[in-house]
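Below is one structure, written out as structure tokens, with a few remarks after it.
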Amino acid sequence: MSGKRKFAMLGTVMLAGLALGACTSNGQDLGVNDGGITAGSSSSGGPPNDGTGPTTINQGGTPTNPGTPVTGHFICTGGAKTYGNVTTAVGSNGLLGGPLTTLLDRLGGSTLTTLLNSVTEPNNIIDGNLSTFSTFSLTAGLLGGLLTSVDESVVLPSGTTVPAGKFAVFGVSFPKGTVDLSLVNKVEVATYLNNSTGTSTLQEGLILDQSALTLLGAIGGSTPAAVWIGVETTKPYDRATISLTPGLLSVSVGDAMHVFELCVDGRLQ
């Protein structure tokens, strides 16, 4: 068997495992605390869930057409696991499964391993707890050329969708080191439909560049804030993805971005 074919098979198996159940929630109800989801502790660094957290949410729109900003501070009232055995998957360029494997096949086996290791504790964004988070890291040489971002997706069970009128909102923070190195070029939230068919269609999205994140208070200053970012949906989705695109490609940073939870339900106040 050729090395190329071996790598393609390895990528397919590993990515399928991620998409189909390597990281699953147990489908239990969220703990009721602050707004119907387990609140973060004072030391966790997560976004406040009491209507005071900095918020940027757009209604509708796509990453290139940002839609209409909504007003108010977000309160998360439901995490993704209310939809059953949701899973998480690491990707790049908004791609998962076969399309991502095809792209990685052109780059060599070590690229797959490096990419999959770029998000640690991925299941923490579907555990309903704002004290826990996934950590995005950056490795010099991973991005640039064919790969432009490190992504984490939350994938709903086949045949299940979050209906229009709900949310795809992530709690996010940036460690001080990220700010010092001016690493953040942009962060993107996007929703997709028909993920289980392998032909995901982009539904809606939001991009925040470094200037927007600075205005929100997420980066810059002595104590960057944990924030809520995402979309109030006008279309259904079965996958929500958050992506980090760095401004510098020549450095390795093991603690570039924290993502606390995907909220599919909530309210603004």
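No value in this document is a laboratory result; all are computed from the given coordinates. Note that the structure is a prediction, hence the values are computed from the model and not measured. Using ideal geometry, Cβ is built from the backbone for each residue, glycine included, and neighbour counts are taken over all protein chains shown.
Fully extending the segment from Thr113 to Asp50, taken as 0.36 nm per residue of separation minus the present Cα-Cα distance, adds 18.8 nm. Positive-end ranking of Cys263, Val119, Ser252 along the dipole of segment 118-269, with charges on Cβ about the Cα centre, is headed by Cys263. Straight-line cross-link reach from Lys166 at under 16 Å between alpha-carbon atoms covers these aspartates and glutamates, not counting any fewer than eight positions away in the same chain: Glu204, Glu232, Asp238, Glu261, Asp265.
Highest mean first, the peptides 204-214, 60-70 sorted by other C-beta atoms within 10 Å per residue fall in the order 204-214, 60-70.
If we count every other residue with Cβ under 10 angstrom of Gln59's Cβ, Lys/Arg +1 and Asp/Glu -1, where does the sum land? Residues near Gln59 contribute -2 overall.
Note on Thr234 and Thr160: with the Förster distance fixed at 25 Å, the Cβ-Cβ geometry gives a FRET efficiency of about 0.85. The fraction of Cα-Cα pairs per 5 angstrom bin, counted from 0 for segment 66-204, comes to 2, 8, 17, 21, 20, 18, 10, 4, 1, 0 percent, rounded to whole percents. May I ask you to list the aspartates and glutamates whose Cα is less than 15 Å away from that of Lys176, ignoring any residue fewer than eight positions away on the same chain? Counting by Cα, and skipping residues close in sequence, Lys176 has these aspartates and glutamates nearby: Asp255.
Shape of segment 162-231 from the C-alpha gyration tensor: prolate (a/c of 1.5 or more and a/b above b/c, with a ≥ b ≥ c the square roots of its eigenvalues).
At full extension, Glu121 and Leu268 could sit 50.1 nm farther apart than now, given 0.36 nm per residue minus the alpha carbon distance.
When each of the peptides 75-85, 229-239 is scored by how many other beta carbons lie within 10 Å of its residues on average, the order from highest to lowest is 229-239, 75-85. In plain terms, the chain from Ser211 to Leu248 could stretch by 11.7 nm, reckoned as 0.36 nm per residue minus the Cα-Cα distance.
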